[in-house]
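Where a number appears in this text, it was derived from the coordinates with a stated rule and is not lab data. Keep in mind the model is a prediction, meaning the values are calculated, not measured. In this analysis, Cβ positions are derived from the backbone assuming ideal geometry, glycine residues included, and neighbour counts consider all displayed protein chains.
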Amino acid sequence: ILDTFQKSAVALDKDQMKLIQECVTAPACYNDTDYVSRAVKYIAGNFQNDISIKSVADYLYISESYLSRLFKIKMGKTFGDYLTYFRIKTACNFLRKPDIKVHKIANMVGYKDQRYFSVIFKKMVGMTPREFRDNLE
């Protein structure tokens, strides 16, 4: 299960890099890809906060529905699914550090409730955060 998670994380990272490369070489005016790229960057910089598609759309000065449609088309995931994926992927990196407690990691990646974080983590990774950490040893 851990191998599957890592493979999917690597694949998405490659897709993200491709998207970012496309955005860097795109003209200065904003197009659909630019909005998605800027949304991804916003998530990367603010994932630990309470963010929503509304807050990102407001930041980009576009409508929520437009961003939602663009995000689904360009990323193949909904905004919420991507945010959850990003948070869990980041949590996996933090779990590699045994000195950081799980409840602290939950808070660091934007979850105020450690139990909810553990439920989401298990749903995405197939094991609890503690089991994940134990398997790293």
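Sum up the lysine pairs in the range 72-122 that clear both bars: alpha-carbon distance under 16 Å and a spacing of 8 or more or different chains.
Values: Lys77/Lys89; Lys89/Lys97; Lys89/Lys104; Lys89/Lys122; Lys101/Lys112; Lys104/Lys112.
Lysine pairs meeting the criterion: 6.
Summing Lys, Arg as +1 and Asp, Glu as -1, what charge do residues with Cβ under 13 Å from the Cβ of Glu64 carry, Glu64 excluded?
On the way: positive: Lys54, Arg69, Lys72; negative: Asp58.
Within the 13 Å Cβ shell, the charges total +2.
May I ask for the net charge around Met127, where only other residues with Cβ less than 10 Å from the Cβ of Met127 are counted and Lys, Arg are +1 while Asp, Glu are -1?
Working: positive: Lys122, Arg130, Arg133; negative: Glu131, Asp134.
Result for the neighbourhood of Met127: +1.
Any chance you could run the full-extension gain for Ser52 through Asn135? It's 0.36 nm times the residue separation minus the Cα-Cα distance, nm to one decimal. Intermediate values should be presented prior to the final figure.
Working: separation 83, 0.36 × 83 = 29.88 nm, distance 3.25 nm.
Using 0.36 nm per residue and subtracting the Cα-Cα distance, I get 26.6 nm.
If I take every Cα pair under 8 Å that is 6 or more residues apart in the range 83-137, average their sequence separation and divide by the length, what percent do I get for the relative contact order? Could the numbers behind the result be given before it?
On the way: 42 pairs, mean separation 18.5, N = 55.
For the range 83-137, the relative contact order is 34 percent.
Where Lys and Arg each count +1 and Asp and Glu each count -1, what net charge lies around Asp50 among other residues with Cβ under 13 Å from its Cβ? The partial results should precede the final answer.
Numbers: positive: Lys54, Arg87, Lys112; negative: Asp113.
Local net charge: +2.
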